1. Can you compute the FRET efficiency between Lys298 and Ile33 using 1/(1 + (r/R0)^6), with r the Cβ-Cβ distance and R0 = 22 Å? Round to the nearest 0.05.
2. Of Lys251/Lys275; Lys62/Lys96; Lys72/Lys100; Lys124/Lys298, which sit over 23 Å apart, Cα to Cα?
3. Show me 246-254, 60-68 ranked by packing, highest mean number of other Cβ atoms within 10 Å first.
4. Would you kindly state how much longer the chain becomes between Trp61 and Asn176 on full extension, computed as 0.36 nm times their sequence separation minus their alpha carbon distance, in nm to one decimal?
5. Using 0.36 nm per residue of separation minus the Cα-Cα distance, give me the extension gain between Ile78 and Ala102 in nm, one decimal.
6. Taking the Cβ of His83 as the center, what net charge do the other residues with Cβ under 9 Å away carry, scoring Lys and Arg +1 and Asp and Glu -1?
7. Modelled label-to-label distance, Thr202 and Ser86, 7 Å Cα→beta-carbon offset: nm?
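Read-outs: derived from the displayed coordinates by stated rules, not from any lab. These numbers come from a predicted model, not from an experiment. Cβ placement follows ideal geometry from the backbone for every residue including glycine, while neighbour counts extend to all protein chains displayed.
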Amino acid sequence: MTAGRTAAVLLHPGGSTSISIWKTMLIDNHGTIFCAIYRHNYPLSAPNIPSYVIAFRGTIWKHVKTMLRDMKANIRCIFNDLHNDSRFERAMVWVKEKVKSAGARNVWLAGHSLGSAMALLAGKQMAEMGYPLGTYLFNPPFCSFPMGVAGSLTKAALSLVVDGRQDHDHFNALSNWYPYIFVNPADPICSEYITYFEQRDTMKEIGFGFELLERLATMYSLRNQLSSLLGMNFGSEVPRQHLLPSAYLIKNTGQVPDSKAGLIEIFKLPIRAYKAHKAHKLQQWWDPYLSSQCFHHKYMYPTLQLG
């Protein structure tokens, strides 16, 4: 959790005393910072300390122009089109440049909410190029349908009739990359990642070949499969962001910080909506007394060969 908390602190407006802004921050056409590049101030004598951390912010709601631009990016994320966002394309130029100059082991990626979607996509692209970067994702949006056992069986069945080579190759390319995913079970935006990874264990416990079917199903997106089956394009030209073979999944198991609990009664906010809102906040990951559990999910490839 030390590395994860360091990454979370970098996303804090106050920053860190041992890390400084390197050269410049990336600013969009509306004059808003959407990404910052940090450089470590001290000699790199300790292991697992990067030279650079590239951090992406989440959605800003206070300024109309920035909010509208962020919402456009959020919509791109939902429709699997974030790779075409001009801010992401600009950030990728810097990611590649820092990896080229400092080496993959000396570059980390971090982000919260929308920013974590950008960091995830950047990490995926670099991993596919053979550069697995340390990646820390706080409350990343899970942009897919909730999948239960029935969904897994459907995807496994469709994989036998739909060409899924693209998703299969994508999974293979990410086999040596282990991003850190920080989720709160009460956050509906990211909590489906818990189901995505834990369902592999559930299917294994069922037995009777269900584990093999789940290993096969977890490589594919149902939307991509249906798009291919119907001959249509619903953002299926690139693999879905949530498709990950392995990861470290960190769950917040404590109470969400509740500094404004009194406002619940004053404004009559629905309790469930209020908790979901707090569960998505970045502040929870700054807490030095955070109660959490870390689960290492390593994908085991099925022996079934795709034609």
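1. It comes to 0.05.
2. The answer is Lys62/Lys96; Lys72/Lys100.
3. Descending packing order for the listed peptides: 246-254, 60-68.
4. Length difference between fully extended and current span is 37.8 nm.
5. Difference between extended and current length: 5.4 nm.
6. -2
7. 4.3
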